[in-house]
Amino acid sequence: MKKTNTYLHNPGYLKIELMLKGVRVDGKVLKKAGFDKCRDVANIACGLDIILPHNTWVTAPYAQDFVNDSPYELIEKDGGFFITDGNKSVKVSIAPIPEFYRLKTTSGVQLSKIGLVHGGYVAITPATQCDFFNKDIECRYCAGNLDINKGKGTVYTVEDVLETVEAAYKEGKAEVVYLSIGFSETADGGVEFLKPYIRAIKKHFNTLVAVEALPPKENKWIDETYAIGADSVLYNLEIFDPKLFEEICPGRAALIGRKRYLDALKYAATVFPSGTVASHLIVGLEPIESTVEGIDFLAGMGVVPILPVYRPSPRAKLPHYKTPSTEVVAPVYGYLYRAVTANKINISWVRDISVVTTPLEGRFFIDDNARVKTFVQNFYKSRLGLKAAWSLATLRRKLRVKVSSRE
Ligand code: SF4
């Protein structure tokens with residue numbers, strides 16, 4: 001019982017616990033939280049977006065069977081919400097389902113199909129096709145969340161995407177727009193496809209744009225990604241161990257290659273501002289020592305490692321992998337925090353993400369002294385800070401692109 005209480009009062013631990021185990025919630029409480037219609041509105045297997053102390057966002061599963069075994073329950077008392085382990089409780093807030101999920105684009109597409117909010121950003125995949133999908137080379141952990149549509153995928157127009165961003169922006173849900181693309185075998189890594197979307201969003205909204213793409217074959221496309229307006233770029237290696245990378249990500253290994261991922265990340269870190277180039281390493285799909293090696297390697301070249309935890313999905317082709325325990329994964333985030341700060345990487349850009357523990361949240365796994373030192377970074381968590389970040393990003397890009405075009 002003592003151990004659970006320790007987790008309950010540390011937002012970092014509690015976030016991991018809730019992501020892995022989910023939260024039990026009674027139908028009446030769910031209704032009071034405004035979530036009873038979630039599936040109808042969003043048409044997705046959504047989680048409860050909970051805001052823990054210290055503005056720590058988490059998306060907690062609540063509708064799946066496994067949450068019946070969770071030690072955590074969401075309760076409501078005197079109009080407030082609490083997470084309890086049956087003994088102690090902690091006050092939380094529930095982020096309502098975005099209103100824009102109910103709307104449709106002019107062309108008739110429900111906005112929740114195009115954009116999904118995960119904490120402080122809205123994630124949009126303009127083309128849902130992935131050439132790996134349903135083939136021998138698909139990523140073994142793939143949960144098939146994309147609306148792949150029998151291999152053809154769906155392509156949303158720039159207007160569809162702009163209308164979604166506008167609706168999310170009006171609701172204050174699009175401080176960062178996260179654009180991603182599945183696998184497509186073009187030399188530019190998908191940048192040419194994303195270009196009109198990025199340009200249009202940057203033209204119409206005062207928002208930051210993060211791009212999750214594939215490492216392009218040549219570095220000039222990385223320059224181009226920055227020049228057209230992306231503020232942040234992610235090339236997700238997923239697995240650091242070379243052998244496991246080939247086994248678990250056969251498509252990425254064969255058609256892009258681990259070396260190209262690392263070279264592209266290294267180059268991107270020289271183009272984009274500190275803390276805006278990132279790569280996922282999935283915790284739980286390789287030995288922890290290997291994840292730690294990956295953290296050191298990426299942070300050493302100025303890249304932010306982002307560490308999602310693997311939670312098995314029925315569709316994934318990894319039957320022998322189990323959900324890792326909080327005890328095993330928590331220290332990795334403390335290590336991550338130390339690695340990025342030791343390498344003087346700005347950790348304020350990757351923040352307020354509800355589906356993954358951010359490097360900044362790694363401070364919850366180390367001593368209090370270090371937590372205080374990061375307090376100043378909260379400046380960037382405020383709206384004022386984001387506006388400042390946006391202005392600086394625009395100025396930096398103008399200067400850099402001007403210099404590059406002279407070269
Ligand atoms: S790139 Fe991999 S994880 Fe992503 S949709 Fe394709 S197969 Fe799935």
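The values are calculated or read from the model by the stated rules, or taken from the named source; none is laboratory data. Here the structure is a predicted model, which is why all the values come from computation and not from measurement. Here the Cβ is made from the backbone with ideal geometry for all residues, glycine too, and neighbour counts use every protein chain on show.
Points to keep in mind about this one:
- The residue that is nearest to N219 (Cα to Cα), counting only those in the stretch 238-263 that are of a type in the set (A, V, I, L, M) and without any contact (Cβ under 8 Å) to a residue 60 or more places away in the chain, is L262.
- For the criterion of being within 16 Å of the ligand (Cβ to nearest atom), under 24 Å from Y178 (Cβ atoms) and either in the same structural domain as S180 (by TED's automatic domain parsing) or without any contact (Cβ under 8 Å) to a residue 40 or more places away in the chain (or both), Q110 fails.
- Among residues of the stretch 172-216, those that are in a strand (DSSP E or B), under 19 Å from R260 (Cβ atoms) and either free of Cβ contacts under 8 Å to residues at least 40 places away in the same chain or touching a Cys at 6+ places or on another chain (Cβ under 7 Å) (or both), counted: 3
- Members of the stretch 294-331 that are part of a helix (DSSP H, G or I), under 24 Å from P215 (Cβ atoms) and β-branched (V, I, T): I295
- When residues in the stretch 103-132 are screened for being modelled with pLDDT under 85, in contact with a Gly (Cβ under 7 Å, 6 or more places away or on another chain), surrounded by fewer than 22 Cβ atoms within 10 Å (Cβ to Cβ) and not β-branched (V, I, T), 2 of them pass.
- Being within 29 Å of A168 (Cα to Cα) and either at pLDDT 95 or above or not in a loop (DSSP other than H, G, I, E, B) (or both) holds for only one residue in I97, I75, I44, and it is I75.
- Scanning the stretch 203-227 for residues that are touching a strand residue (DSSP E or B) at 6+ places or on another chain (Cβ under 7 Å), farther than 9 Å from V177 by Cβ and surrounded by fewer than 23 Cβ atoms within 10 Å (Cβ to Cβ) returns a single hit, E212.
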